[in-house]
1. Say we look at the stretch 28-48 and pick out the residues that are assigned to a strand (DSSP E or B) and farther than 14 Å from residue 517 by Cβ; which of these is nearest to the ligand (Cβ to nearest atom)?
2. For the structure I just gave you, tell me whether residue 479 is among the hydroxyl-bearing types (Ser, Thr, Tyr), more than 14 Å from the chain's Cα centre (by Cα) and modelled with pLDDT under 95.
3. Of the residues 337, 396, 326, 406, which is within 29 Å of residue 503 (Cβ to Cβ) and open to solvent by 40 Å² or more (accessible area, probe 1.4 Å)?
4. For the stretch 467-492, name all the residues that are open to solvent by 20 Å² or more (accessible area, probe 1.4 Å) and assigned to a helix (DSSP H, G or I).
5. Considering only residues of the stretch 287-302 that are within 13 Å of the ligand (Cβ to nearest atom) and open to solvent by 10 Å² or more (accessible area, probe 1.4 Å), which is farthest from residue 320 (Cα to Cα)?
6. In this structure, does residue 500 turn out to be at pLDDT 95 or above, open to solvent by 20 Å² or more (accessible area, probe 1.4 Å), closer than 28 Å to residue 24 by Cα and not in a helix (DSSP H, G or I)?
7. Looking at the stretch 303-328, which of its residues are over 19 Å from the mean Cα position of the chain (by Cα) and within 15 Å of the ligand (Cβ to nearest atom)?
8. Do you know which residues across the stretch 231-267 are more than 16 Å from the ligand (Cβ to nearest atom) and over 18 Å from residue 18 (Cβ atoms)?
Amino acid sequence: MATTYDLIVVGGGHNGLVTAAYVAQAGLKVLVLERREVLGGACVTEELWPGFKVSTAAYVNSLLRPEIIRDLELKRHGFKMLPRNPSSFTPFPDGRSLMLGPNKAMTHKEVAKFSAKDADALPKYEQMLERVASFLEPTLVQTPPNPWSFRPGNLLKLAKLGMGFAKLGTDGQKAIEILTGAATPILDRWFESEQLKVTLATDAIIGAMASPSMPGTAYVLFHHVMGECDGIRGVWGYVRGGMGGISNAIAASAREKGAEIRTGAEVLHILVENGEAVGVALKDGTEVRSRRVASGVDANVTFLKLVGSSELPPEFVEAVRNIDYSSASLKINISLSELPDFTSVPGTAAGLQHRGTIHISPSMNYIERAYDTAKYGCPSEYPIIEATIPSVLDDSVAPEGKHVMSMFTQYFPYKLAPGLSLQEEKEKYAERCFDLMNEYAPNFRRSVIGRQVLSPVDLEKRFGLTGGNIMQGSMSLSSLSFMRPVPGYADYRTPIRGLYMCGAATHPGGGVMGACGYNAAREILRDAGRRASKAPA
Ligand SMILES: Cc1cc2nc3c(=O)[nH]c(=O)nc-3n(C[C@H](O)[C@H](O)[C@H](O)COP(=O)(O)OP(=O)(O)OC[C@H]3O[C@@H](n4cnc5c(N)ncnc54)[C@H](O)[C@@H]3O)c2cc1C
């Protein structure tokens, strides 16, 4: 059979689409095959109810790399950010509330309601995170060095990394603590008010099967300052039309550059001949040949299901089997007839309290207790909720006067304790989330028109995420950088010649960054001898 494509990308998640766009831009013939009828993977908009357009998985953006927005001309292809100000609102049981946001004067005043000392400390804490982030951020769009290789190019990369670390001076110690440590002791050292600490701590546990007192959780605190929204650092926003606005813009750019994209095209096997990837076999029985294959699907699915362990070295198979896919994130997507009327900041007209992330999680101990039961496979009695209502800033996602709400909640374990029924537990847990929201906004329950509950098992079925892990694998230090997806294979290549990884399973991991796809494209083009001027630098 003749070679038809230069590259087949398995999976039309946003990273796979980024790879396709850059590789097509360099003049190669590219085909993207997406299993679902809709593109975007976990960065998607779906019309769940007529007129209600829902970001069914990811719901806020800041991390998407500016070089991708620029190179792929995403704004011309319809991508538009809607920055949020304030960025968060946390109501408390005593009727008080805390708003944080890019407006420094407002944030100072809000934090000072709880602690004048914390109000002064917060900008210094953010500056410390920014200094450490300035060391880490350039590494996001670089292929990680391989510490086991003595090749000159690799030693140079390691030296550059060492120099960047040296430049941090005594902040280096803080960088190591943030990369390896727990969020709670860091927050305890900086702040005294429970209200501020708990609002910041929820950043640390997003998507993790962990509580903030556990090592490894501090790393995600960076997300508070990382990324940007229309050039403003640390600001998170909604995407007009929902998160699918990102994936659709990347897809439009990729198509313009000549990439072919098919939906409803599930890959059953990656074809391997003599240790080399030569194409794919689809569920409909057809085979498509290509010189190279890149997978945007997680490592477990790619290697153990699509390739098959018999084609791979046993130690590699073992490393893939050891990837941590534990998860306890449950997403509830909701259509609303009116906005929540919070007791602490009343009103159903769109107000500051509705714009940012609404945190329902009143204390650090509350989070710890919510996690305790999850350890034993039991969903939290009192879950942690991060709710967002993008329709407050985006009139294109709900009919006039109506709204869409996204509830990202924890902890609902993927593996339930023996005897618990997934269906029953899922509905009871969703009811508890609704009861909680109702305690803070008593009109909430009666305003609900429709709901979709996605447990980790549903996330796995719908988006192909093993274990329902929202990041295609844990984001703890032992699974990052040169150890992602597994040690020795962080350069987007795999033990199979011509097979690459390009999704969140690779460095720098989960989140809507596009960086994994961008880095993978660079390596694919390098191997193809096409270091075209427009390839990622
Ligand atoms: C519930 C949830 C909430 C999140 N919230 C946020 C957030 O607010 N902000 C943020 O930045 N990040 C968030 N994330 C993380 C972020 O969405 C992901 O890390 C990111 O979208 C991963 O993109 P990807 O392209 O690497 O992979 P994916 O999005 O996982 O794409 C992989 C694609 O491969 C397809 N596929 C799988 N198997 C096959 C096959 N056999 N054949 C063909 N196609 C196949 C899948 O259908 C999917 O489209 C969230 C994730 C989830 C699940």
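1. Only one residue fits best here, namely 33.
2. Spelling it out, residue 479 is indeed among the hydroxyl-bearing types (Ser, Thr, Tyr), more than 14 Å from the chain's Cα centre (by Cα) and modelled with pLDDT under 95.
3. Answer to the selection: 326.
4. 477, 478, 479, 481, 482, 483
5. Looking only at the stretch 287-302, we keep the residues that are within 13 Å of the ligand (Cβ to nearest atom), and these are 288, 293-302.
When the remaining residues are screened for being open to solvent by 10 Å² or more (accessible area, probe 1.4 Å), the result is 288, 296-297, 300-301.
Details: 288: 26, 296: 15, 297: 13, 300: 6, 301: 10 Å.
The extreme case among them is 288.
6. When the stated conditions are applied, residue 500 does not pass them.
7. Kept after step one, since they are over 19 Å from the mean Cα position of the chain (by Cα), are these residues of the stretch 303-328: 303-322.
Listed by number, the residues that qualify are 303, 304, 305, 306, 307, 308.
8. 231, 232
The values are calculated or read from the model by the stated rules, or taken from the named source; none is laboratory data. The model shown is predicted, which means the values in this text are computed figures rather than measured ones. Cβ: placed from backbone, ideal geometry, glycine included. Neighbour counts: every protein chain shown. These accessible areas exclude ligands, DNA and RNA; they are computed on the full protein's heavy atoms, side chains included. Shrake-Rupley method; radii C 1.70, N 1.55, O 1.52, S 1.80 Å.
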